[in-house]
Amino acid sequence: MLSTDHFSVDGTLVEAWASIKSFRPKDGSDDPPTADGGRNREADFHGQKRSNQTHASTTDPEARLYRKGPGKEAKLCFMGHALMENRNGLVVDACLTEANGHAERIAALHMIEPRADRPRPITLGADKAYDTEDFVNELRSMNATPHVAQNANGRSSAIDGRTTRHAGYAVSQRIRKRIEEAFGWIKTIAGQERTKFRGRERVGWAFTLAAAAYNLARLPKLMEAPA
C-alpha cells in the first residue's frame, strides 16, 4: 500500500500544556509572590518584550513561544512533523521537535534521508516554507527531487524550471496537501491540538502514537477498496 518513490512532508504546531502566564524571565526577576497574592496572580504583559532567549515556561521549560505566521497569536508549543507517502496518504514517519524557524526543514531531511539511499531518485513534496537554497541542495545531494512549492514573495525561489517543467511536480503539489488530513485527525480525533503531557520526549511519544493510530484508522477503508 506504500509508495517507495514519492513522499510529502509538513509540520504542525502542538500547543504545550502550559499557560502564557508561566512564561517568565529565566533570571527570576519576575518571580510571583509566595504569600498574600499567591502564585496565580493577575498578569499584564502589554509592552513587555519576551523571547525564548530570556524567558522560559515554569510549567514546561522545553516548550517554546512561537508564532506560525504574520498576524498569528504566539503560543507556547512544540512542532510535530510527519512524512507521508503519496500513494495512499499514510504517515511513514513522525517526530516532534522544538518550535523554531528551522525545525521543519531539519526534521524533513532527517526523515527522508533513510529513504533516499537507493539507485532510483525519489521525490519530496512540501510547501513554501521549505523553499530555501540550503534545503533544496541537501535534497538533491541525497538523490531526492525537491517538489517544493515556489516561494517568490520578494525573493528568488530555489525551485526553477528543472523541476517545475515535469508533470510529476504538479502531481506532487496536489497530493502533498493530503497531509493536512492526517494532521487534522491527529489534532482533533487524537486530541493532540493541545497536548496533555509535559516535556518534549513525552509529547513526542504521544504525537507519534497518534500518527500510528491515524494509519490504523485508515487501513480498513484502504483494504476494502477495489484493486
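The values are calculated or read from the model by the stated rules, or taken from the named source; none is laboratory data. Keep in mind that this is a model prediction, so the values were computed, not measured. FYI the Cβ positions are ideal-geometry reconstructions off the backbone, even for glycines, and counts take in every protein chain you see. All accessible areas refer to the heavy atoms of the entire protein, side chains included, with ligands and DNA or RNA removed. Shrake-Rupley method; radii C 1.70, N 1.55, O 1.52, S 1.80 Å.
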Given N residues in region 116-200, what is its alpha carbon radius of gyration divided by 2.2 N^0.38 Å? 1.33
Assuming R0 = 30 Å, can you tell me the calculated FRET efficiency for the pair THR58 and GLU181, based on Cβ-Cβ distance, to the nearest 0.05? 0.25
Long-range amide H contacts for ASP127: which residues qualify at under 5 Å (H placed 1.01 Å from N, peptide plane, sequence gap of 5 or more or a different chain)? ALA149
Using the Cα centre as the reference, give the magnitude of the dipole from point charges on the C-beta atoms of region 99-176 (Lys, Arg: +1; Asp, Glu: -1; all else neutral), rounded to the nearest 20 debye. 340
Report, in listed order, any pair from LYS68/LYS196; LYS26/LYS68; LYS49/LYS177; LYS49/LYS128 with a Cα-Cα distance greater than 27 Å. LYS49/LYS177; LYS49/LYS128
In the chain, carbon and sulfur make up what percent of the accessible area (probe 1.4 Å)? 50
Given Cα pairs under 8 Å that are at least 6 residues apart, what percent is the relative contact order of region 71-227? 22
Let's see if you can work this out: charge +1 on each Lys and Arg Cβ, -1 on each Asp and Glu Cβ, no other charges. What is the dipole magnitude of the chain about its Cα centre, in debye to the nearest 20? 400
Kyte-Doolittle at least 0.0, axis length at least 15 Å by Cα - qualifying DSSP helices, the chain: 103-116, 200-224
Label-point separation, LYS196 to ARG87 (7 Å along Cα→Cβ), nm: 3.6
Of the GluC sites (Glu not before Pro) in region 63-145, those whose Cβ has at most 13 other Cβ within 10 Å and which sit in DSSP loop: GLU73
At GLU133 and GLU73, where each label point lies 7 Å from the Cα along Cα→Cβ, what is the point-to-point distance in nanometres? 3.9
Provide the gained length on full extension for the span ALA167 to GLN150, in nm with one decimal, where the gain is 0.36 nm per separating residue minus the Cα-Cα distance. 4.6 nm
With a cut-off of at most 14 other beta carbons within 10 Å, and DSSP calling the residue loop, which trypsin sites (Lys or Arg not before Pro) in region 95-172 qualify? Please list them. ARG155, ARG165
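With a sphere of radius 15 Å drawn around the Cβ of ILE122, what net charge do the other residues whose Cβ falls strictly inside it have (Lys, Arg +1; Asp, Glu -1)?
Local charge sum for ILE122: 0.
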Expressed as a whole-number percentage, the relative contact order of region 70-137 with C-alpha contacts under 8 angstrom and at least six residues apart is 24
Trypsin sites (Lys or Arg not before Pro) in region 169-227 lying in a DSSP loop, each with at most 14 other Cβ atoms within 10 Å of its Cβ, come to LYS196
For VAL14, residues with placed amide H under 5 Å, excluding near neighbours: PHE78, MET79, GLY80
Which semi-axis lengths, in whole Å and largest first, follow from the square roots of five times the eigenvalues of the Cα gyration tensor of the chain? 37, 22, 14
Probe 1.4 Å, protein heavy atoms only - accessible area per residue of the chain in square angstrom: 56
